[in-house]
Amino acid sequence: MRILFVLNIPYAIEPHGVMLLSSICKKAGHEVHLVLLKKENLLERVKKIKPQVVAYSVIGSEIDIFIKADTELRQYLEEADTKVFRIMGGPHPTFSPSILDTMSLDAICQGDGERAFPTLLERLENGGNLENIPNIALTSAGATLREKLASADLDAQPFADRDLYYSAVPYIPRTGLRSFVASRGCPFHCTFCYNHVYNKMFEGCGPLLRRRSVDNLLTEIEQVIAEYPPVRFIRFFDDTFSLTVDDWLREFAEEYPKRIGIPFYCLMRPNTFSEEAAGLLKKAGCYSLSMAVEAGSESIRNTILKRGLSDEDMRVAFERARRWGIKTYGNTMVAVPGTTLEDDFNSLEFTRNLKLTVPTFSVCSPSRGTELADYAIEHGYMPPDADMITRFSAESPLITYTNKEKKIQARIACLGTLYCTVPAFLKPLVKLLIKSPLPIGLARKAGFSFAVFRIATCLFPHAIPKNPITILRVAIDGIRYFW
Ligand code: SF4
């Protein structure tokens with residue numbers, strides 16, 4: 001079959017879900033194409049490729065863009081009296097299955113698609129019954145059968161099809177950065193995150209955490225180093241790279257420097273970043289890591305957000321990273337339901353005092369279905385029909401703030417990195433900018449450019465291309481797609 005995968009933005013982090021499905025589909029003999037809505041017109045590509053299946057991969061904040069592109073496609077298909085099977089996968093349909101009705105899709109995939117999608121294609125090809133495929137829903141009620149892949153299944157999969165993405169986004173391979181996933185799942189219960197919803201949805205379908213073997217992971221990295229040079233920095237983007245010091249982490253710390261020896265970045269939690277874990281990560285070659293701050297007050301962090309992390313946990317973890325010479329990144333949210341603007345400024349100060357290498361800020365926008373969204377609606381902080389689509393520096397959807405407060409919060413999201421990294425004598429100046437009527441668009445461009453510059457130069461410096469012309473081309477592409 002001819003399959004056209006559809007993504008929105010050419011993100012610098014490779015879309016592993018789509019790349020993996022592409023490998024699996026190609027192995028099964030299907031023809032695979034990719035379109036990026038930010039770069040190309042979906043309808044034009046459909047007319048050219050004539051796919052039998054269009055597969056959208058969507059995160060919540062992008063849904064409006066997909067609805068617009070799909071509406072145009074649907075109109076064309078109706079007028080041309082042509083049938084194309086339209087399916088959507090990714091976090092949005094997993095947690096908001098009603099999108100199936102909203103867009104009149106043929107199906108959605110909830111959760112893992114590596115077994116579900118090829119089964120669906122096989123049945124489509126052979127005219128079989130599409131009912132009862134685990135993780136595939138044909139109505140907005142959601143999938144009746146659900147399954148999670150096990151660790152052994154993750155090892156048995158082919159490696160992600162990087163050709164598909166790199167040929168569509170040529171600026172990515174020009175940088176020295178390559179991304180990998182070592183595991184899936186997170187057992188924590190942060191109320192703003194979808195993991196607790198996912199864990200409930202897939203309860204009884206297998207373990208919460210599934211991990212590839214160290215050998216399988218390193219073999220993929222070795223292959224990518226050989227096939228897609230130059231590779232100078234590795235980014236692991238598992239939700240939490242290591243939950244505890246175990247045999248897996250010890251083996252990784254032993255084998256990674258021997259077989260790969262390239263600096264890397266990963267995501268941790270302050271409570272999983274123990275002294276022993278820090279030592280093993282450093283030994284392996286960890287150059288920088290992410291540990292989210294989320295809130296500057298212990299009670300907000302633990303009562304409303306259920307992070308289970310004291311202020312002391314936060315201070316100890318970031319101080320430990322500094323001591324081991326590991327650079328740090330972390331995000332803090334403002335406008336958390338049930339909090340005030342004063343809390344936001346406290347969070348700004350708390351984050352500054354943690355001395356992260358690159359702190360960033362975002363406006364909290366509770367996602368539908370999460371415990372935080374239920375809490376906000378229950379307490380009257382947010383109407384039940386609020387637009388619950390995460391847009392990082394947009395104004396808060398909560399009704400408890402004045403318009404002026406919402407604008408200040410949005411400016412904190414844009415200029416918070418600057419505030420936390422300037423010398424102390426410049427703090428009042430940045431605070432003045434945050435409270436001033438500076439247009440959000442301008443604050444966003446200036447603040448995000450500064451944050452991206454710091455991320456590139458402080459967290460992933462090895463990934464910056466060596467050739468100045470390549471740097472310019474990468475920068476132009478970045479500005480074209482993200483500004
Ligand atoms: S630790 Fe991170 S990934 Fe895990 S539930 Fe909390 S926010 Fe989500």
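The values are calculated or read from the model by the stated rules, or taken from the named source; none is laboratory data. Remember, it's a predicted structure, so these values are computed and weren't measured experimentally. Quick reminder, even Gly has a Cβ in these numbers, built from the backbone with ideal geometry, and neighbours come from all protein chains shown. Keep in mind that these areas ignore ligands, DNA and RNA; they rest on the heavy atoms of the full protein, side chains included. Shrake-Rupley method; radii C 1.70, N 1.55, O 1.52, S 1.80 Å.
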Exercise. Is it the case that region 160-175 has a residue that's on the phi > 0 side of the Ramachandran plot, away from the ligand (no atom under 16 Å from the Cβ) and open to solvent by 30 Å² or more (accessible area, probe 1.4 Å)?
Worked result: no
For this session: Return the total of residues in region 184-196 being near the ligand (Cβ under 10 Å from one of its atoms) and not in a loop (DSSP other than H, G, I, E, B).
Result: 2
Exercise. Has region 189-204 got at least one residue that is in contact (Cβ under 8 Å) with a residue 24 or more places away in the chain, touching an Asp or Glu at 6+ places or on another chain (Cβ under 7 Å) and open to solvent by 30 Å² or more (accessible area, probe 1.4 Å)?
Worked result: no
For this session: Kindly check whether there is at least one residue in region 110-130 that is of a type in the set (D, E, K, R), more than 24 Å from residue 53 (Cβ to Cβ) and surrounded by fewer than 18 Cβ atoms within 10 Å (Cβ to Cβ).
Result: no
Problem set entry | Residue list for region 300-320, restricted to those being closer than 12 Å to residue 275 by Cα and either of a type in the set (Phe, Trp, Tyr) or touching a Gly at 6+ places or on another chain (Cβ under 7 Å) (or both) | 318
For this session: Could you please let me know if residue 430 is at pLDDT below 95, in contact with a helix residue (DSSP H, G or I) (Cβ under 6 Å, 6 or more places away or on another chain) and either closer than 18 Å to residue 345 by Cα or not assigned by TED's automatic domain parsing to the domain that holds residue 368 (or both)?
Result: no
Seminar exercise, completed: When every residue in region 307-345 that is away from the ligand (no atom under 16 Å from the Cβ) and among the basic types (Lys, Arg) is compared, the one nearest to residue 414 (Cα to Cα) is 327
Problem set entry | Selection within region 197-224 - within 16 Å of the ligand (Cβ to nearest atom) and either closer than 13 Å to residue 154 by Cβ or part of a helix (DSSP H, G or I) (or both) | 197, 198, 199, 200, 201, 207, 209, 210, 211
Problem set entry | Any pair with Cβ under 6 angstrom, 6 or more apart, that starts in region 314-336 at a residue that is within 13 Å of residue 286 (Cβ to Cβ) and ends at one that is surrounded by fewer than 18 Cβ atoms within 10 Å (Cβ to Cβ) | 324/282; 327/458
For this session: Residue by residue through region 27-86, note down the ones that are in contact with a Pro (Cβ under 8 Å, 6 or more places away or on another chain) and open to solvent by 20 Å² or more (accessible area, probe 1.4 Å).
Result: 27, 28, 33, 38, 39, 57, 59, 60
Seminar exercise, completed: residue 361 meets each of (1) under 20 Å from the mean Cα position of the chain (by Cα); (2) surrounded by fewer than 19 Cβ atoms within 10 Å (Cβ to Cβ) with one exception, condition (2)
For this session: Those residues that are surrounded by fewer than 17 Cβ atoms within 10 Å (Cβ to Cβ) and assigned to a helix (DSSP H, G or I), I need them from region 135-159; list them, please.
Result: 152, 153, 155, 156
For this session: Would you please name the residue that is nearest to the ligand (Cβ to nearest atom), looking only at residues in region 261-302 that are closer than 20 Å to residue 186 by Cβ and of a type in the set (Val, Ile, Thr)?
Result: 272
For this session: Report, by residue number, each residue of region 168-188 that is touching a residue at least 40 places away in the same chain (Cβ under 8 Å) and not hydrophobic (A, V, I, L, M, F, W, C).
Result: 171, 173, 174, 175, 176, 178, 179, 183, 184, 185, 187
Problem set entry | region 277-298 residues that are touching a residue at least 40 places away in the same chain (Cβ under 8 Å), paired with ones that are β-branched (Val, Ile, Thr) and part of a helix (DSSP H, G or I) (beta carbon under 9 Å, 6 or more apart) | 293/351; 294/300; 295/304; 296/351
For this session: Can you confirm whether region 446-468 contains a residue that is over 30 Å from residue 234 (Cβ atoms) and touching a residue at least 24 places away in the same chain (Cβ under 8 Å)?
Result: yes
Exercise. Counting only residues that are assigned to a loop (DSSP other than H, G, I, E, B) and farther than 18 Å from residue 214 by Cα, which one in region 225-267 is most open to solvent (accessible area, probe 1.4 Å)?
Worked result: 229
Seminar exercise, completed: Residues of region 282-305 being buried (at least 18 other Cβ atoms within 10 Å of the Cβ) and either of a type in the set (Gly, Ala, Ser) or at positive phi (or both), in sequence order, are 284, 288, 290, 292, 294, 295, 296
